[in-house]
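Structure, as structure tokens:
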Amino acid sequence: MLSSVRLFQASQNQLDHNRLLALINSLEDGFLAVDNENKVVLCNGAALALLDINEVQGKKLSEVLSVVGRDGAVVDLITVAAASGSSFSSNDYSLKRPDGSHLAVHVKISAVKPAYKDTRSSGYVILLRQPVVN
């Protein structure tokens, strides 16, 4: 009986995980989630395409995401977000891609809170959006 309950819970957890992945992958924006160690735990196909890489899972954010300011200096998004409170948004950045090219992006980074009104952070969510050019 106990193993049936565990099997049901594991099945439910997998279903919830699959639903979460389906939602994330339906986003047009690039999506990256990092844990407290700044390792990527979730991403979507749009992020992989923007970053022009095939795999990011388990890698340090600094290994897969190189964001530069208008002055060309590399920006540590986690430090910027932590200094500004729980979230930060800017159009002043570009992605430095593996081939050396730069891609203008709107960046939004938000701290993940374990519970409503909890001030602790359990990681960050990063959204990357290409600006619309008319």
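The values are calculated or read from the model by the stated rules, or taken from the named source; none is laboratory data. Because the structure is a prediction, the values reported are computed rather than measured. Please note: Cβ atoms are built from the backbone with ideal geometry, for glycine as well, and neighbour counts cover all protein chains shown. Quick note on the areas: whole protein, heavy atoms, side chains included, nothing else; ligands and nucleic acids left out. Shrake-Rupley method; radii C 1.70, N 1.55, O 1.52, S 1.80 Å.
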The range 28-44: number of residues that are surrounded by 13 or more Cβ atoms within 10 Å (Cβ to Cβ) and either among the hydrophobic types (A, V, I, L, M, F, W, C) or more than 19 Å from Gln130 (Cα to Cα) (or both): 11
Candidates Asp52, Asp29, Asp71, Asp35, filtered to the one that is within 26 Å of Gly100 (Cβ to Cβ), modelled with pLDDT of 80 or more, charged (D, E, K, R) and under 12 Å from the mean Cα position of the chain (by Cα): Asp29
Near pairs, Cβ below 8 angstrom, 6+ apart or cross-chain, from the range 90-101 (small (Gly, Ala, Ser)) to any residue that is in a strand (DSSP E or B) and open to solvent by 70 Å² or more (accessible area, probe 1.4 Å): Ser94/His102
